[in-house]
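See structure below.
The values are calculated or read from the model by the stated rules, or taken from the named source; none is laboratory data. A quick note: this is a predicted structure, and the numbers were derived from the prediction, not measured. Virtual Cβ from ideal backbone geometry, glycine too; neighbours counted across all protein chains shown. All accessible areas refer to the heavy atoms of the entire protein, side chains included, with ligands and DNA or RNA removed. Shrake-Rupley method; radii C 1.70, N 1.55, O 1.52, S 1.80 Å.
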Amino acid sequence: MSIAIQLNNVRKTYGKKVTAIQDLSLTIEEGSIYALLGPNGSGKSTTFRILTTLAAADQGEIYYFGSRKINKITIGCVAQNSGVDPTATGRENLMLQGRIYGLRGKELQERVNELLAHFHLQEAADRLSRHYSGGMRRKLDLAMGIIHRPRLLFLDEPTTGLDPESRAELWQMIKQLQSDAGMTVLLTTHYMEEADELANQIAFMNEGKIVAVGTPDEMKNKVGGDTITIQCRHSQAAAQVLAAAYDVQQHEQQNDNMLHVVTEHGAEKLPDIMRRLDEQSITVDSITVARPDLGDAYLLYTGKTLRKEGNS
Ligand SMILES: Nc1ncnc2c1ncn2[C@@H]1O[C@H](COP(=O)(O)OP(=O)(O)OP(=O)(O)O)[C@@H](O)[C@H]1O
Ligand SMILES: [Mg+2]
């Protein structure tokens, strides 16, 4: 497997005080989808800007396909904020972007039509993009990002703010870019569902550092247990009961009514848990057991909660 991107000990500070990223090292295999997963301010966009050459690192080395030089034509990028010109139509946006990359005449027209079809934007092609929905604008952003068929595609928060249906559609399109066009994709996200669905490799980011790297399954297996979610009044009291009775690897009170606990053999323990809570007169509204998700894994490494889909 050849390496598309290699980052060694990269650091970026803003002014004297803010260290946006530090000691950042990562290896991205060619043809993979790689996700940087982390909450607001963890350094995802900074990493993105450095990799797309929009910002310079203060320290460290970056290799693209084994070289420290990168030809801009090799990379495509879709920034966190839309790059679509709202006063132009979808087609005009694409035509302009194509010209920037040196496409002309029939070749340009054909490429634009191909992209409009691929991203289901034909009908809206000649309407002002100001009137597009969020999902349509994001698809147009993506189409603009790949007009020149880059080998490396960078997506900063590709589906933030979209409804679940548009998000699923975009995920499908991103996967196709990997499978059909063989692109290497690096994306940033704070949605664990997005990283889980798309990524071959995930790096957890926290406070400007990478704290863990692995496949989605590897990350979840690290949690080593089941997650039990208990809905009850007085979740704090429930947390104490469970901590006293079992080897609880981590617990988190999402609010006063919700407790999230990781422990081995969760399902087997349920009857016993119910009995113990009952003994303390803690009334349980609901209790569920599930395999851990990436949010549980993130919590394990950082002690922090990732927002679930929908509550951004
Ligand atoms: N131009 C800048 N000037 C000063 N500080 C900055 C600048 N850009 C980013 N930072 C700081 O660097 C840190 C990392 O920011 P960054 O935008 O990389 O995070 P992020 O993970 O992309 O967050 P989000 O999920 O909100 O997009 C933050 O503390 C941020 O305030
Ligand atoms: Mg960002």
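Data overview
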read-out	value
Charge dipole of region 126-166 about the Cα centre (unit charges at C-beta), most positive-ward option of 162, 148, 129	148
Inverse of mean 1/r across different Cα pairs in region 174-312, Kirkwood, Å	16.4
log10 of Debye I(q)/I(0), alpha-carbon scatterers only, for region 225-291 at 0.17, 0.18 Å⁻¹	-0.47, -0.54
R0 of 35 Å, Cβ-Cβ distance residue 285-residue 130: FRET efficiency to nearest 0.05	0.15
Candidates 118, 190, 148: whichever shows maximal mean-square fluctuation once the chain is modelled as a Gaussian network with Cα springs under 10 Å	118
On Cα atoms only, tilt of 164-179 relative to the major axis of the chain in degrees	60
For region 3-220, size of Cβ-based charge dipole, Lys and Arg +1, Asp and Glu -1, in debye	960
Rg(Cα) / (2.2 N^0.38 Å) computed for region 48-90, rounded to two decimals	1.50
Computed E for residue 172/residue 211 - FRET, C-beta separation, R0 22 angstrom, nearest 0.05	0.15
Among 54, 20, 300 the positive-end extreme of the charge dipole of the chain (Cβ point charges)	54
Among 285, 58, 196: highest mean-square fluctuation, GNM of the chain, C-alpha pairs under 10 Å	285
Å² per residue, accessible surface of region 225-291 at 1.4 Å	57
Share of pairwise Cα separations in region 61-175, more than 22 Å, in percent	32
Degrees separating the helix 235-245 axis from the principal Cα axis of the chain, which is the longest one	70
Pairs of alpha carbons in region 86-145 whose separation is greater than 13 Å (percent)	54
Of all accessible heavy-atom area on region 3-220, the percent that carbon and sulfur account for (1.4 Å)	46
1.4 Å probe accessible area per residue over region 1-138, in Å²	53
Normalised contact order of the chain, rounded percent, pairs of Cα under 8 Å and 6 or more residues apart	20
Area projected by the alpha carbon convex hull of region 1-135, averaged over all directions, nm²	10.5
Whole-percent carbon and sulfur share, accessible surface of region 225-291, 1.4 Å	45
Region 151-226 versus region 3-18: alpha-carbon centroid distance in Å	21
CD proxy at 222 nm, helix term only [per DSSP H run n ≥ 4: -39500 (n - 2.57); per residue of the chain; nearest 500]	-10500 deg cm²/dmol
Whole-angstrom Cα spans of the chain along principal axes, big to small	78, 45, 39
Region 179-222 - accessible surface per residue (Å², probe 1.4 Å)	36
Separation of alpha-carbon centers, region 57-118 and region 241-262, rounded to whole Å	48
